[in-house]
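Read through the structure below, which is laid out as C-alpha cells, and then see the notes.
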Amino acid sequence: MQRISSPGQVAATFLVVTALWTTSAGSQTLQTEHDPGTPPAVAAKLELRGLAQGIKVSEIRMVRRNDVLAVQADLGNVVRQDRRVYYRFRWLDSVGNQVGDGESWKQLGLLGMQQQTIKSVAPTSAAVDVRIEMNVES
C-alpha cells in the first residue's frame, strides 16, 4: 500500500483496492480476492451495515489534488435483481479521528448487473483516509 503524497506536493499517488462482499446461508462474509496484485487492506476501507445482497465494490481510487483528498469507488450489482444502496464517506485524519461534521447518506439505485462510480472530496486538507459506509436494500 502506498502513502498518499504529503501536504504541499503536487504529485498524485493512487491507492487501488479491491473487495467482494457476499452472503452465504444468511450470514455476512467478506471475501477478498487473493490475487498477487490485490492489497490485503481492502476491507479496511468498507463498513457494510447488513448484508451486501450482491453488491460488489471492485475498486477504490484515492488521489490528493491541491492538498485535498478525493476518492472514487466502483460499485457493481452482480445479481439480476435491482438493488438500492445507501452510502456515505467518512473522512479520517492521521490519528483516525473523523474530519468534519460527516456526510449525509446518499441513495443510489443499481439495476441488475449494473456498475456505477461514486465520488467524494474531503472537506479539509486534514483528511488522510476514508471509510465508505454502505447499506443495501433489495
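Any read-out appearing in this document is the output of simple, stated calculations on the displayed coordinates, not a laboratory observation. Fair warning: this is a prediction, and the values are worked out from it, not measured in the lab. Cβ atoms come from the backbone with ideal geometry, glycine included; neighbour counts cover every protein chain shown.
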Inset, instruction - Provide the net charge surrounding Q98, with neighbours chosen by a C-beta distance below 12 Å and charges set as Lys +1, Arg +1, Asp -1, Glu -1. - result: -2
Inset, instruction - Rank these for me by crowding, I132, I55, going from fewest to most other beta carbons within 10 Å. - result: I132, I55
Inset, instruction - Mind checking which aspartates and glutamates have their Cα closer than 14 Å to the Cα of K106? Skip sequence neighbours fewer than 8 apart in that chain. - result: E133, E137
Legend entry - Loop trypsin sites (Lys or Arg not before Pro), the stretch 63-138, which have at most 14 other Cβ atoms in a 10 Å radius of their Cβ (DSSP): R80
Legend entry - Cα-Cα P(r), the stretch 46-130, percent of pairs per 5 Å interval: 3, 14, 23, 23, 16, 12, 7, 3, 0
Inset, instruction - Grab the other residues whose beta carbon is less than 15 angstrom from that of L51, score K and R as +1, D and E as -1, and report the net. - result: +1
Legend entry - Sparse-neighbour loop sites [chymotrypsin sites (Phe, Trp or Tyr not before Pro); the stretch 55-138; at most 13 other C-beta within 10 Å; DSSP]: W105
